[in-house]
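Asker: What follows is a single structure, and I will ask about it in a moment.
The values are calculated or read from the model by the stated rules, or taken from the named source; none is laboratory data. Just so it is clear, the model here is predicted, and its values are computed rather than measured. FYI the Cβ positions are ideal-geometry reconstructions off the backbone, even for glycines, and counts take in every protein chain you see. Surface accessibility is based on the protein's heavy atoms, side chains included, excluding ligands, DNA and RNA. Shrake-Rupley method; radii C 1.70, N 1.55, O 1.52, S 1.80 Å.
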Amino acid sequence: MEEIRNWREEKRSVYLYHILAQKEAGSALGRLFSQLAREAEKQAAIWETRIQKKGEPPPQKYTPDLRTQLVAKLLKKFGPKPLRSILAAMKIRGMSVFSPSRAGHPIPTDLKDVGRSHRGIGGGNILRAAVFGVNDGLVSNASLILGIAGASANNSMILLSGIAGLLAGAFSMGAGEYLSVRSQREMYEYQIGLEKDELQEYPEEEGMELALIYEAKGLSEKESKELADKLISDPNQALDTLAREELGLNPEDLGSPWGAAIFSFLSFAIGALIPLLPFVFFQGTISLSISILVTAAALFLVGAALSLFTGRGAFRSGLRMLLIGGIAGAATFLIGKMLGVS
């Protein structure tokens, strides 16, 4: 029964809000979570009334399930920051106050400011993912190829092993990325769907919760109320903002699982192909020598590219990546050599 499920979710929120309030006792966040607990109690009462109107028996006293008990124990031990994604998935509002991306960002004071800091950030993330994907494929397959080369000088065996490593790694990366994005998307869609239903059921209560979050972030009570009222009056803007501010979710992060899987597969495959190509066109020791040279050059370039995201010097970053990859390759080559001799 939908009403029973919604009642349980609201009571679960109350239970966890009280723990959050205790962890943040004496601060503005402690007051925020205490107030959110009271708002959740009101919403639970609304669902209880609807259950009774249907002629059903009222819910029994709420008892936390095993998942909620486990999260409660983790919350008491580690606090809310490390658990904000889990708490958001359990429909705990106000998680945006713990988001690192919010640090240093001013509180929005008008509709046009809401969500502005979230726009235009996708390109950098895609480039970063591409560089890391190429790096993973390059290091892992180069290490595999060098390990096989240390054990055997058979060019066909090295080539076959390299192709197997490329395909296995690329499919593994693609499958892992698909599951990761699919799971994230399902969680986002479920939580945003709940917010949409609640916005239709009781918009005033949702507006009150949003105002409490803005007040905890530093706006005055009056400013918080005015901004929340403006946002709630526009259903599309309201849903977007509720997802961001109450749950700490960014609707723009709902990427395509298949797109992420294909992108991850291709970036890994490109990196894995670099140390493998010399064995396609050359034979004997010359193929191994060329593979080591092109792999070393690629490692340096990837390390230099990573400096775009770290702020470090490109030359130093390139040398560090070359050193790390060189150690990995040398270790697997020596292990292969020992196994080949034995």
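Asker: Name every residue in region 133-166 that is open to solvent by 60 Å² or more (accessible area, probe 1.4 Å) and either free of Cβ contacts under 8 Å to residues at least 12 places away in the same chain or of a type in the set (Val, Ile, Thr) (or both), in order of residue number.
Answerer: Once the filter is applied, which keeps residues that are open to solvent by 60 Å² or more (accessible area, probe 1.4 Å) and either free of Cβ contacts under 8 Å to residues at least 12 places away in the same chain or of a type in the set (Val, Ile, Thr) (or both), region 133-166 yields Asn154, Ser156, Met157, Leu160, Ile163.
Asker: Can you pull out every residue in region 305-342 that is surrounded by 13 or more Cβ atoms within 10 Å (Cβ to Cβ), among the aromatic types (Phe, Trp, Tyr) and at pLDDT 85 or above?
Answerer: Phe333
Asker: Now for a separate question. Could you tell me which of the residues Leu293, Leu288, Leu277 is among the hydrophobic types (A, V, I, L, M, F, W, C) and surrounded by 19 or more Cβ atoms within 10 Å (Cβ to Cβ)?
Answerer: Being among the hydrophobic types (A, V, I, L, M, F, W, C) and surrounded by 19 or more Cβ atoms within 10 Å (Cβ to Cβ) holds for just one of Leu293, Leu288, Leu277, which is Leu288.
Asker: With the checklist (1) surrounded by fewer than 17 Cβ atoms within 10 Å (Cβ to Cβ); (2) modelled with pLDDT under 75 in hand, flag the one item Ile192 doesn't pass.
Answerer: (1)
Here is a yes/no grid of residues against (1) open to solvent by less than 70 Å² (accessible area, probe 1.4 Å); (2) under 22 Å from Glu198 (Cβ atoms):
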position: Arg50; (1), (2): no, yes
position: Lys54; (1), (2): no, yes
position: Pro57; (1), (2): no, no
position: Gln69; (1), (2): no, no
position: Ala72; (1), (2): yes, no
position: Leu83; (1), (2): yes, no
position: Met95; (1), (2): yes, yes
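Asker: Given (1) part of a helix (DSSP H, G or I); (2) closer than 21 Å to Gly147 by Cα, identify the lone condition not met by Pro275.
Answerer: Evaluating Pro275 over (1) part of a helix (DSSP H, G or I); (2) closer than 21 Å to Gly147 by Cα leaves (1) as the failure.
Asker: Whether any residue in region 318-335 is without any contact (Cβ under 8 Å) to a residue 24 or more places away in the chain, closer than 26 Å to Ala175 by Cα and not acidic (Asp, Glu) is what I want to check.
Answerer: No, region 318-335 contains no residue that is without any contact (Cβ under 8 Å) to a residue 24 or more places away in the chain, closer than 26 Å to Ala175 by Cα and not acidic (Asp, Glu).
Asker: Separate question: Looking at region 7-42 only, could you name the residues that are crowded, with 17+ Cβ neighbours inside 10 Å and modelled with pLDDT under 85?
Answerer: Leu29, Leu32 - these are the residues of region 7-42 that are crowded, with 17+ Cβ neighbours inside 10 Å and modelled with pLDDT under 85.
Asker: A further question on this structure: Starting from region 211-224, keep only residues that are free of Cβ contacts under 8 Å to residues at least 12 places away in the same chain, then list their pairs with residues that are not β-branched (Val, Ile, Thr) whose Cβ atoms are within a distance under 9 Å, requiring at least 6 positions of separation or different chains.
Answerer: Sorted first by the residue in region 211-224, then by its partner, the pairs are Glu221/Ala211; Glu221/Glu215.
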